[in-house]
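The values are calculated or read from the model by the stated rules, or taken from the named source; none is laboratory data. What you see is a predicted model; the values in this text were computed from it and never measured. So basically every Cβ, Gly included, is an ideal-geometry build from the backbone, and we count neighbours across all protein chains shown. Please note that ligands, DNA and RNA were not included when accessible areas were found on the heavy atoms of the full protein model with its side chains. Shrake-Rupley method; radii C 1.70, N 1.55, O 1.52, S 1.80 Å.
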Amino acid sequence: MKNRGHLMKRSCRILASAIFAALVMLPCSGPSVRAELRIDITSGKVEPMPIAIPAFPGGAANETQAGREIAGVVSADLERSGLFRPIDPRSFIQNVSLDESQPRFPDWRQINAQALVTGSVKTQGDGRLRVEFRLWDVLAEQQLTGYGYTTTQQNWRRIAHIIADEIYKRITGEEGYFDTRIVYVAESGPAEKRVKRLAIMDQDGANNRFLTDGRALVLTPRFSPTAQEITYLSYGSGAPRVYLFNIDTGQQEVVGDFPGMTFAPRFSPDGNRVVLSRAENGVSNLFALDLRTRRPVRLTDSQAIDTSPCFSPDGSKIVFNSDRGGSQQLYVMNSEGGEVKRISFGSGKYGTPVWSPRGDLIAFTKIDGGSFFIGVMRPDGSAERLLTRDFLVEGPTWAPNGRSLMYFRQSPTDSRGHGSTRLYSIDLTGSNQREVVTSQDASDPAWSPLLR
Amino acid sequence: MWTRTIGIFGGLLLLLAACSSAPETVPGGPGGPGVGGPGGIGSRNALPGSQQDLEASAGDRVFFAFDRSDITPEAQEILARQADWLRRYPNVTVTIEGHCDERGTREYNLALGERRAQAVKNVLVASGIPPSRISTISYGKERPAVVGSSEEAYAQNRRAVTTVN
């Protein structure tokens, strides 16, 4: 705890807006360490930790409002993780104010809070907001962490997500995933002429924005490692082709000059290549396209369907699905092609493999016995575990910390076309399954990396 | 096959559809949608070489078994009629649309739809139609012909549709 006193500074890049928030570690006072307040998220079901997050006090009305909203977003983020149980503010005894920076711990112990978050919001001379927070261990009466941030007024939501990430990290020992975005396909209209648009939103569903107008059918968007670009499939030119979309400029361009259909694109971990499928004469093979030279390199040469490729996080391998053995199964090969090895051997068919950002697991869609499943297995195919089963669940995408997955779930459609397609998240443990609320039907989610 | 509501010629068309041999399409002037509406007057003849003509004289689509792209004997017959029809109208070019039911993953189904479209193209080319007259496109599971999560709907959706350009 001695080293906590000195200032730590780092700058963080705010996506697409060139705003910089200086993070200053807040010094802590109070007694030294006792038992660690900690959640082990590797074990199956965890009892959510009771946490009190009172509104961050401010002076002026705009500060008070921002402080209330920031505390609300932090609280909602932590609650959705399934690891925390925010305590109803109506039961709070201490009324946290700007003058009273030190918590009255007995007041928080009495309502069974194990952790407490306090903070403040001030407007600086340049009009920007200064937001500070501290995380306290209520039983040990000790500060666990604390940071200050400076940002423009309209950027308060990102500060709230960054604070939630810091709290998650301090308590679990793992990186958080709240300061992230989801790109997905927003769906509307009748099933036989569905309108599909690219859309992007914050991880919690806020700030939803449509990226395309729905005139062209679009599918399967995926983020670049910097979250500045999206690669996806569009029928915009008539034929289905892989495209790039620049989020800053809104510019769209076709990737590669291939005859025939290109589809199933994904970025390499360094962002320099896109791996994709190309269909020709009834067979689909994998190609990697260098985005600087635009030169395609053939990775597979089969008479089968090779598709849904995904790089390992170190870039050395590619997992994909192929029906070269008679039915759709998962295969791993070197990222330059070659040394192809089948890894799925369970019953049923396997598709849409996605490598965990931690490298330790591959998530997939499985079709077996008339049901769809989302599951995970090790990269060598061992330790298969199914997380959820439904009429149709498909297309898992990993949270950047590799602890949670998002996918879409489609209900059966009746003969009048009534049905629904929605996004869901689930923890790697198979617990904490929740709908990610969108204003209309949604599919093909892709989780961004942490934005910082 | 006719998919629209059929007016006064419905009975006749049903009769034609019941025949196993290729029905003759009445050549004639402009017809098409709207003519046979409520209280409509006049005949509903498909323009020679049109999509409606192809549907009536040969059948515009063939169906596939689940996760398969092999051409069934029924499909062979329809494609033989399509080849005859294409020979009759040498200036017509077509696009074959490959489709799947919803019981597969999206990207795999895009590839499967392409494989189905290509299988149809191969049959037509083997029947002597120049490949330059036939292009293919896959819609995977994105454009079902029949709405609903039933085996009946799935069977109708696993299809390749020959469309006149």
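Calculate the length of the line joining the C-alpha centroid of the range A:89-131 to that of the range A:218-248, in whole Å.
Cα centroid to Cα centroid, the span is 44 Å.
If you average the sequence gap of Cα pairs under 8 Å that are 6 or more apart and divide by the length of the range A:97-202, what percent do you get for the contact order?
Rounded, it is 15 percent for the range A:97-202.
Averaged over every viewing direction, what's the projected area of the C-alpha convex hull for the range A:339-408? Give it in nm², one decimal, please.
Over all viewing directions, the range A:339-408 projects a mean Cα-hull area of 4.5 nm².
Find the accessible area per residue for the protein assembly as shown; the probe is 1.4 Å, ligands and nucleic acids are left out, and the unit is Å². Before the final figure, lay out the partial values.
Values: 25780 Å² over 617 residues.
I get 42 Å² per residue for the protein assembly as shown.
Please give the residues from the range A:390-412 for which the solvent-accessible area of heavy atoms, probe 1.4 Å, is smaller by at least 20 Å² with all protein chains in place than with the chain isolated.
So the qualifying set is A:PHE391, A:LEU392, A:GLU394, A:GLN410.
Per residue in the range A:319-355, which ones lose no less than 20 Å² of accessible surface when going from chain alone to all protein chains (1.4 Å probe)?
By number: A:ASP323, A:GLN328, A:LYS349.
What value in Å³ per residue do you get for the convex hull of the alpha-carbon atoms in the range A:299-342?
Hull volume over Cα atoms, normalised by residue count, gives 58 Å³.
Per residue of A:259-266, count partner chain C-beta atoms within 10 Å of its C-beta, then hand back the mean as an integer.
Working: counts 0, 6, 10, 0, 7, 6, 1, 0.
Partner Cβ neighbours, averaged per residue: 4.
Short version: which residues of the range B:102-116 lose at least 30 Å² of accessible area, all chains versus chain alone, 1.4 Å probe?
Residues shielded by partner chains are B:GLU102, B:ARG103, B:THR105, B:ARG106, B:GLU107, B:TYR108, B:LEU110, B:ALA111, B:GLU114, B:ARG115.
For a label point 7 Å from the Cα of A:GLU253 along Cα→C-beta, name the residues of the range A:190-230 whose backbone N is under 15 Å from it.
Counting only backbone N, you get A:229-230.
Give the interface area between chains B and A as buried accessible surface, both sides summed, probe 1.4 Å, in Å² to the nearest 100.
Buried surface at the B/A interface: approximately 2900 Å².
From the P(r) of the range A:297-446, could you give the percentage of C-alpha pairs in the tail past 23 Å? Don't skip to the answer; put the middle values down first.
On the way: 4007 of 11175 pairs.
For the range A:297-446, the fraction of Cα-Cα distances above 23 Å is 36 percent.
Return the sequence-ordered ³J(HN,Hα) values of the range A:240-249 in whole Hz as given by the Karplus equation 6.51 cos²θ - 1.76 cosθ + 1.60 applied to θ = phi - 60°, using x for Gly and Pro.
Values per residue, Gly and Pro as x: x, 9, 7, 10, 10, 10, 8, 5, 5, 9 Hz.
Restricting attention to the range A:285-351, which trypsin sites (Lys or Arg not before Pro) occupy a DSSP loop and are surrounded by at most 15 other Cβ atoms within 10 Å?
Taking the range A:285-351 and a limit of 15 other Cβ atoms within 10 Å, the loop trypsin sites (Lys or Arg not before Pro) found are A:ARG292, A:ARG294.
I'd like to know how the protein assembly as shown sits against the 2.2 N^0.38 Å rule of thumb: what's its Cα Rg over that expected value?
1.15
Just want to confirm a number: the relative contact order over chain A, from Cα pairs under 8 angstrom separated by 6+ residues, in percent.
Once divided by the residue count of chain A, the mean separation gives 10 percent.
Kindly express, to the nearest 10 degrees and within the range 0 to 90, the angle between helix A:156-172's C-alpha long axis and the longest C-alpha principal axis of chain A.
With rounding to tens, the tilt is 90 degrees.
Counting only other chains, and only Cβ atoms inside 10 Å, what mean value do you get across the residues of B:142-148? Before the final figure, lay out the partial values.
On the way: counts 9, 5, 7, 1, 3, 10, 9.
Average neighbour count from other chains, rounded to a whole number: 6.
Where the convex hull is taken over the Cα atoms of the range A:357-448, what is its projected area averaged over directions, in nm²?
Mean projected area of the Cα convex hull: 6.5 nm².
What do you get for the angle between helix A:61-80 and the principal long axis of chain A? Use alpha-carbon atoms, 0 to 90 degrees, nearest ten.
50
Suppose the Debye formula is applied to equal point scatterers at every Cα of the range A:123-171; what is log10 I(q)/I(0) at q = 0.18, 0.20 Å⁻¹?
The computed values of log10 I(q)/I(0) come out as -0.60, -0.69.
Checking a compactness column here: for the range A:126-209, what do you get for Rg(Cα) / (2.2 N^0.38 Å), N being the number of residues?
1.53
State the percentage of accessible surface on the protein assembly as shown attributable to carbon and sulfur atoms; use a 1.4 Å probe and exclude ligands, DNA and RNA.
Ligands and nucleic acids excluded, carbon and sulfur give 51 percent.
Take every residue in peptide A:278-288, count the Cβ atoms of other chains within 10 Å of its Cβ, and give the average of those counts.
The shielding value for this peptide is 4.
Measure up A:LYS45/A:LYS349; A:LYS317/A:LYS341; A:LYS196/B:LYS121; A:LYS193/A:LYS349 against 22 Å on the Cα-Cα distance and list the ones that go over.
A:LYS45/A:LYS349; A:LYS196/B:LYS121; A:LYS193/A:LYS349
P(r) for the range A:247-326: what percent of alpha-carbon pairs falls in each 10 Å bin, starting at zero?
Spelled out per bin, shortest first, that is 18, 50, 27, 4, 0.
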